[in-house]
1. What distance in nm separates the simple spin-label points at Glu30 and Arg53, each placed 7 Å from Cα in the Cβ direction?
2. Just to be sure I understand: if I project the alpha-carbon convex hull of the stretch 48-190 onto a plane and average over all orientations, what area do I get in nm²?
3. Can you send over the carbon and sulfur percentage of the accessible area for the stretch 49-188, probe radius 1.4 Å, protein chains only?
4. Provide the gained length on full extension for the span Ala45 to Glu101, in nm with one decimal, where the gain is 0.36 nm per separating residue minus the Cα-Cα distance.
5. Compute the distance in nm between two label points, each set 7 Å from the Cα along the Cα-to-Cβ direction, one at Ser114 and one at Ala82.
6. Explain nothing, just the number: relative contact order of the stretch 24-132, from Cα pairs under 8 Å at least 6 residues apart, as a whole percent.
Amino acid sequence: MRYLFAALVVALGIALFALTFAMVNRTEPEAAYGVPFELTDQDGAPISEAAFRGQPTALFFGFTHCPEICPTTLYELDGWLAELGETGERIDAYFVTIDPERDTPEVLGDYVASVTDRVRGISGDPEAVREMARGFGVYFKRVELDDGDYTMDHTASVFLLDSNGAFRKTIAYGENPETAIEKLRDLAGT
C-alpha cells in the first residue's frame, strides 16, 4: 500500500512539473484582448480589431469634452512615445471615444490632432462603440449636469496590447512618467 501511495505521489509530482513547464514555456500567443468591432477612424475609414495586430498598441478610451483626464493622457502619451524615439515609433496608439454622439470622426480627428499626431481617433455607430468599450472591460457612464449638459465618467487607464493584440498591462492616470515610459519600452519589444 505504501508503494502504491509513493508511486501516486511521484506521478502527481511529475504531472505538476510537466504542466508548470508547459505553461512557462508555451509558444502559442495569448488570445487577443477585447472583442471584434467595426468602427470608423478619424479620417472616416473603416477600422476593426485587426488594427491592433502586427505591432504593439496603446489604447485609451475617453471623450473630447473631458476637462482634464483625456487631454492630459493624450499629451503625456505623445511625450512618452517621443521620449522613446525610434522605439516609440513601433507602437501604434488609439483614442476611442466613449461619447460617439458628440465625437464624430471629424470632431475626434480635430481634437486628437490638436494634441498629437501619434494617436489615431476611433468613433462610429454609438451602440457599436459602447459594445466595443464593454468588450474591453471599460467603465463608462453618462452623467447629467445641472445646466442640461452632460459629462462622462470612464476608465482612465491606457491599455497596452502586444503585437498579437493580447493584453499586457495598463498605464494608470497619473502614473509616474518613468514607470509609464518603461512599460511602453517593454511593450515595444512584444
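1. 1.8
2. Computed as one quarter of the Cα hull surface, the answer is 8.1 nm².
3. Carbon and sulfur atoms account for 47 percent of the accessible area of the stretch 49-188.
4. Full extension of this stretch gives 18.4 nm more.
5. 1.8
6. 34
The values are calculated or read from the model by the stated rules, or taken from the named source; none is laboratory data. Being a predicted model, the structure only gives us computed values, none of them experimental. Positions of Cβ are generated from backbone atoms using ideal geometry, with glycine treated the same way; all protein chains shown enter the neighbour counts. Accessible surface areas use protein heavy atoms only, side chains included; no ligands, DNA or RNA. Shrake-Rupley method; radii C 1.70, N 1.55, O 1.52, S 1.80 Å.
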